[in-house]
Structures are given as structure tokens and as C-alpha cells.
Amino acid sequence: MIKNSIISLKLINSAAFAVQDELFKVGLWFEGSKLAETEIYWCALSPFSLSDADGFFTHCVSPVQKILGFEQGHIYIPSFVLSQKIWKKRGSIRDVIRHEYAHSLAHYYPKLISKSDFKNTFGDDYYTYEPIKMKKKAFISKYARIMPMEDFAETFMVYVRRKGIMPSTIKNKQLIKKWQYISSLINLINK
Ligand SMILES: [Zn+2]
């Protein structure tokens, strides 16, 4: 946890370095890995539509966002999050970066993500902006329930944090399937 809600560039850089080392350990950071095309940028504030995000990945950018300097295919970490008060702690910056790298993976490996096994695992396509009906225990976090892409990103975040070793507390079959999906995705990327 971070003591106050303002994030420095130094903090982002050290968290990014640590997460890239974890990505290396799970087999996603190597010579030629498309994940390395993602830059991690510090920005003062998020665009208005994402004002409560601790971080975000730009699958696409609107003309207004472009004027503000955002580019497609990168991770942005805002220094200050409008919805958070100065005294409110925000989550680990490493977790934010782990989560955003999942969106990067989907962005740079679109063919792998669009296969039917994504839908079979997460209940619908990656770009489905609606919640999926599944048992609560089939989701790794509350945020994962928002839509398939966030479910994928949240599961990926824990996967990378745990270096691919599934916590013994995970018992739900659907959640185990999501975990295994990420393992098989990494195998495909390494082929
Ligand atoms: Zn996300």
C-alpha cells in the first residue's frame, strides 16, 4: 500500500522493473516479446472518462485523448486520481502494472485472445462490455466481475504476482480454468 495517493515517476519505474522481472519468470518477457512494445507512462491525471482508474491501458485513443498526448497500446499511471482523497491509500502500484500488462497482452496478441477458448473460459469475448453471469467464487476479485477483459486482467494480475503458482485457496472449477487458460496462453506465446 502506498502512503498517499500521489505517485512519483521513480515509484512507477521501480514497480515496472519488478513486474517485468516477474513476467520474465512466467515466460512472457523475452527477446521479441510483444509485451515489450508497451511503454509505461506517468501522467498527471487520467482522461475524464477514466477519472477513478489507478492505471489504464489504451486499446484505442479518442481524438481528444490524442490531443492530450495519449497514444494507443501503452500503460498510463496517473500521478493523482481524482476520486481518491489525499489521505486514502491506493492499491499496490505493482498490482496495477500487472493488471495493465494483461490488457497489453490482449492488445499485442489479438489472434490468441480472439480464439473460442477465451469465450469458453471467461463467458464471452474479450471486448464485451457487460458483466458475465457466473458464481461469485468463479471470479478472483470483485473488479473481475465487471466484464470479461477485467476478469482476464485480474486473474492475470494474481497469476503474475504468484509467478504462475495457483493458490491452494482456489477451489472453484471455473476459476481454475481461468488460471489454466493463462498458462496455456503463455505456452502458445512461447511456441
Ligand atoms: Zn483493466
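Miscellaneous remarks
- Among the candidates ASP125, ASP117, residue that is touching a Pro at 6+ places or on another chain (Cβ under 9 Å), over 23 Å from ILE12 (Cα atoms) and away from the ligand (no atom under 15 Å from the Cβ): ASP125
- Residue count for the stretch 5-20, restricted to those that are at pLDDT 90 or above and either open to solvent by 60 Å² or more (accessible area, probe 1.4 Å) or in a loop (DSSP other than H, G, I, E, B) (or both): 3.
- Residue-level check: of (1) over 22 Å from ILE97 (Cβ atoms); (2) within 16 Å of the ligand (Cβ to nearest atom), SER168 misses just (2).
- Scan of the stretch 163-191 for residues that are within 25 Å of ALA18 (Cβ to Cβ) and β-branched (Val, Ile, Thr), ordered by number: ILE165, THR169, ILE170, ILE182, ILE186, ILE189
- Criterion applied to SER51, SER46 was being at pLDDT below 95, exposed (fewer than 14 other Cβ atoms within 10 Å of the Cβ) and within 16 Å of the ligand (Cβ to nearest atom), and the one residue passing it is SER51.
- Test: residue in the stretch 171-185 that is aromatic (Phe, Trp, Tyr), within 11 Å of the ligand (Cβ to nearest atom), closer than 20 Å to LEU112 by Cα and in contact (Cβ under 8 Å) with a residue 12 or more places away in the chain: no
- Against the numbered list (1) surrounded by 15 or more Cβ atoms within 10 Å (Cβ to Cβ); (2) more than 21 Å from LYS119 (Cα to Cα), THR155 comes up short only at (2).
The values are calculated or read from the model by the stated rules, or taken from the named source; none is laboratory data. Computed from a prediction, not measured in an experiment: that's the story for all the values here. Glycine gets a Cβ as well: all are built from the backbone with ideal geometry, and neighbour counts include every protein chain shown. Calculation scope for accessible area: heavy atoms of the full protein, side chains included, ligands and nucleic acids excluded. Shrake-Rupley method; radii C 1.70, N 1.55, O 1.52, S 1.80 Å.
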